[in-house]
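Student: Have a look at the structure that comes next, please.
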Amino acid sequence: MSVRIRADLEGIPGYVPGRTIPGAIKLASNESGVGPLPSVAKALESAGELINRYPDNNATSLTGKLAAKFGVDPRNVVVGCGSVMLCQELIQAVCTAEQRVAFGWRSFEAYPLLARTIGAEPVMVPNTASHALDLRSLAEAINADAESVGLVFVCTPNNPTGTTLGADEIEEFVAAVPSHVTVVLDEAYREFAVDGSPDGTRFLTDAHGNPRDNVVVLRTFSKAYGLAGLRVGYAIGHPRLLDAVRAVHVPFTVNSLALAAAEASLDAEAELAERVADVVAERGRVIDELRAAGIEVVDSQANFVWLPLGDDTPRFDEFMTERKVIVRAFAADGARVTISTPADNDAFLSAAREWAAAERA
Ligand SMILES: Cc1ncc(COP(=O)(O)O)c(C=O)c1O
């Protein structure tokens, strides 16, 4: 006799994180290239004194601060151990194993894995030719068998393509999707969007100002705020939906240091704005220089760029690794490259120019 494992787990490959290779420049996980915001580093020093105690399981203080920032009631906010755990908890809160989880593809690579973890099948709808999410086709796919769908992820800016969605598109999508389906607007990269694309919180109410209980917005402190290693994200949505998330929450998964750092981050909006402006400027420079080198790159509103290299992707990945630049390659689709410090970006650009020259030769 040996231990009996769920048979369906055999088909789940497990999440593959961006590689870390000693001495190489890591541009594979959309992390901040610099540490936490300066004032947050100071707050973390004193927070260490608390770690003999369990953290506040309700994240009361941080939740209150987030509620004030977004002008909502604290019941409209829930904090999680990274927004990826909130993705998981949302699926657990609304889906059964018989249901399906929909999303555009490519998108965040954790979505299919998280769905399968509870036994739910993913519904993956291809992106448009210009690498954006195809919300009309996504709505059609959901409506083809609406009862079977519990939740849909809409990632904007989309990981890994960096594309955003317009207000009309999202509004039309939310109206087209049956109201029993939870619509998760995953805005992990929202802070980097400067194209006038809408803030997802506006879709939490309908055109008449009535709250929607099936729309939820996800944000994180991992990206723009530079706290990826501490694991803290949050959801904003209807109390009915978020009470269900609170019901499946694994206690104490958001630790005291994360809570302290996230709170301090919210007090450092000016420092954040400076950081974001640096990334946005570097993003523009990297895109311009890649194009000047003859490399196709998609316009991005996130802290990364997408190179739709198709079948050349594995070769590009190898070429970059040999030059000690670690990018995120997705099979025969393309490579995603994080925007980091000017020095890191220069190292990538130099390797990319070399690649382009070798391809032309
Ligand atoms: C689109 C998207 N959502 C959610 C996450 C999860 O972020 P975290 O769990 O660090 O908050 C990521 C991380 O890469 C992401 O790209």
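Student: How large is the charge dipole for the stretch 94-215, taken about the Cα centre, if only the Cβ atoms of Lys, Arg (+1) and Asp, Glu (-1) carry charge, to the nearest 20 debye? Kindly include the intermediate steps, with their values, before the conclusion.
Tutor: Working: 7 positive and 18 negative charges, 49 e Å.
Here the size comes out at about 240 debye.
Student: Run the dipole for the stretch 25-135 about the Cα centre, Lys and Arg Cβ at +1, Asp and Glu Cβ at -1, nothing else charged, and hand back the magnitude in debye, nearest 20.
Tutor: With Lys and Arg at +1 and Asp and Glu at -1, about 160 debye.
Student: Once each part is reduced to its C-alpha centroid, what is the distance from the stretch 65-91 to the stretch 206-255 in angstrom?
Tutor: 2
Student: Taking the stretch 39-266, how much of its Cα-Cα pair set, in percent, is spaced more than 23 angstrom apart?
Tutor: Cα-Cα pairs in the stretch 39-266 separated by more than 23 Å: 45 percent.
Student: Suppose we flag GluC sites (Glu not before Pro) only when DSSP calls them loop and at most 12 other Cβ atoms lie within 10 Å. Which is the longest uninterrupted stretch of the chain? Provide the component values of the computation, followed by the final result.
Tutor: On the way: sites that count: 98, 296.
Free of exposed loop sites, the longest segment is 99-295.
Student: Express the accessible area of the stretch 39-266 per residue in Å², computed with a 1.4 Å probe while the remaining protein chains stay in the model. Please list the in-between numbers first.
Tutor: Values: 8900 Å² over 228 residues.
Here the per-residue accessible area is 39 Å².
Student: Compactness ratio of the stretch 136-198: Cα Rg over 2.2 N^0.38 Å, N = residue count?
Tutor: Working: Rg = 12.3 Å, N = 63, 2.2 N^0.38 = 10.6 Å.
That works out to 1.15 for the stretch 136-198.
Student: Have a look at 188, 249, 99 and report the one farthest towards the positive end of the charge dipole of the stretch 39-266, computed about the Cα centre with Cβ charges (Lys/Arg +1, Asp/Glu -1).
Tutor: Most positive-ward Cα: 249.
Student: Going from most exposed to least, what order do 161, 321, 20 have by accessible area with a 1.4 Å probe?
Tutor: These residues rank, largest area first, as 20, 321, 161.
Student: Which far-off residues, 5 or more places away or on another chain, put their amide H under 5 Å from the one on residue 238, with H placed in the peptide plane?
Tutor: 215
Student: In the chain, once you exclude exposed trypsin sites (Lys or Arg not before Pro) (DSSP loop, at most 14 other Cβ within 10 angstrom), what's the longest stretch remaining?
Tutor: That would be 54-323.
Student: Carbon-plus-sulfur fraction of the accessible area of the stretch 39-266, 1.4 Å probe, in percent?
Tutor: Using a 1.4 Å probe with all protein chains present, the stretch 39-266 comes out at 52 percent carbon and sulfur.
Student: While we're here: Considering the Cα trace of the stretch 214-321, what is its radius of gyration and what is Dmax, both in angstroms?
Tutor: Cα radius of gyration and Dmax of the stretch 214-321 are 18.7, 52 Å respectively.
Student: Taking the convex hull of the alpha carbon atoms in the stretch 281-361, what volume per residue do you get, in Å³?
Tutor: 79
Student: Give, rounded to the nearest 20 debye, the magnitude of the charge dipole that the stretch 39-266 has about its Cα centre when Lys and Arg contribute +1 at Cβ and Asp and Glu contribute -1 at Cβ. Display every interim value, and only then the final one.
Tutor: Details: 17 positive and 25 negative charges, 135 e Å.
Value, rounded to 20: 640 debye.
Student: Go ahead and estimate [θ] at 222 nm for the chain from helices alone: -39,500 (n - 2.57) per DSSP H run with n ≥ 4, summed, over the residue count, rounded to 500.
Tutor: Per the formula, -11500 deg cm²/dmol.
Student: Just the number, please: percent antiparallel of the DSSP beta bridges in the chain, rounded to the nearest 5.
Tutor: Antiparallel: roughly 45 percent of the beta bridges in the chain.
Student: Pop out the Kirkwood hydrodynamic radius of the stretch 1-134 from its pairwise C-alpha distances, inverse of mean 1/r, in Å to one decimal.
Tutor: One decimal place: 18.9 Å for the Kirkwood radius.
The values are calculated or read from the model by the stated rules, or taken from the named source; none is laboratory data. Note that this is a predicted model, so its numbers are computed, not measured. Cβ: placed from backbone, ideal geometry, glycine included. Neighbour counts: every protein chain shown. These area figures cover heavy atoms from the full protein model, side chains too; ligands, DNA and RNA do not enter into them. Shrake-Rupley method; radii C 1.70, N 1.55, O 1.52, S 1.80 Å.
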